[in-house]
Amino acid sequence: MPQDDGEMDSLVRKRIRALRVAQGWSLDELATRARLSASSLSRIENGQRRLALDQLVTLARALDTSLDQLVETASDDVISNPMLDGAHGVMRWPVRSDPGMTVMRRRLTDPPPDNPARMRAHPGREWLVVLSGTAILMLGNRRFRVETNQSAEFPTMMPHALGAEGGPCDILGIFDRDARRGHLTDEPPER
């Protein structure tokens, strides 16, 4: 069922506010991230200011979502296609119900680092499921063996590393916004 411009406008404004609130951000925090004044952002959210495409693009980036997701109207769009992130060697799927979450598929071939200094720690939370093979999850001084169809969940502030045992291992990782940033912006530890 097509929506008229008024319904679409209202929907986008509600999404902007809902995404801001979900992040726990004040008007000032999102306005700073989007390089807008707090009063302009308030008027956008409340329908007192026209929605301009350049502002929608800026707001989508600041909210860590895409313009498509911000203005999406099809409620029957249930298929999500992966994006190949060649720089990090992963496939990513955005989680539509929570733009802060991302699903990534990775193939692990190396064992985890044996040196705790090469483990990562960053804000966030991570969940993973092993699709094939066996993964070794290092959390601080503890070593966990995660086999096919098993999953693990942990706070990423705990120093952690992941690797394969006995051959390649495919995993599906689910990252909250902070954990995803930690994995995609950190350089891999030096060997």
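The values are calculated or read from the model by the stated rules, or taken from the named source; none is laboratory data. Because the structure is predicted, anything quoted here is derived from the model rather than measured. Heads up, the Cβs are rebuilt from the backbone with ideal geometry, glycines too, and the neighbour counts pull from every protein chain shown.
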Practice task
Answer yes if at least one residue in region 72-84 is in a strand (DSSP E or B) and modelled with pLDDT of 65 or more, and no otherwise.
Solution key: yes
Handout entry: Check on M91, farther than 30 Å from L51 by Cβ, modelled with pLDDT under 80 and assigned to a strand (DSSP E or B)
Key = yes
Exercise for the section: Consider L63 carefully, then state whether it is within 18 Å of T102 (Cβ to Cβ), under 23 Å from the mean Cα position of the chain (by Cα) and at pLDDT 80 or above. Expected result: yes
Exercise for the section: Scan region 127-148 and report the pairs whose first residue is within 23 Å of R177 (Cβ to Cβ) and whose second residue is loosely packed, with under 15 Cβ neighbours inside 10 Å, with Cβ atoms within less than 7 Å and a gap of 6+ or a chain change. Expected result: W127/S151; W127/E153; L128/S151; V129/S151; L137/F144; L139/M158
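Rundown of residues vs (1) in the same structural domain as S66 (by TED's automatic domain parsing); (2) part of a loop (DSSP other than H, G, I, E, B); (3) modelled with pLDDT of 75 or more; (4) in contact with a Phe, Trp or Tyr (Cβ under 6 Å, 6 or more places away or on another chain), yes/no style:
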| position | (1), (2), (3), (4) |
| --- | --- |
| P123 | no, yes, yes, no |
| L131 | no, no, yes, no |
| R143 | no, no, yes, no |
| M157 | no, yes, yes, no |
| L162 | no, no, yes, no |
| G173 | no, no, yes, no |
| R191 | no, yes, no, no |
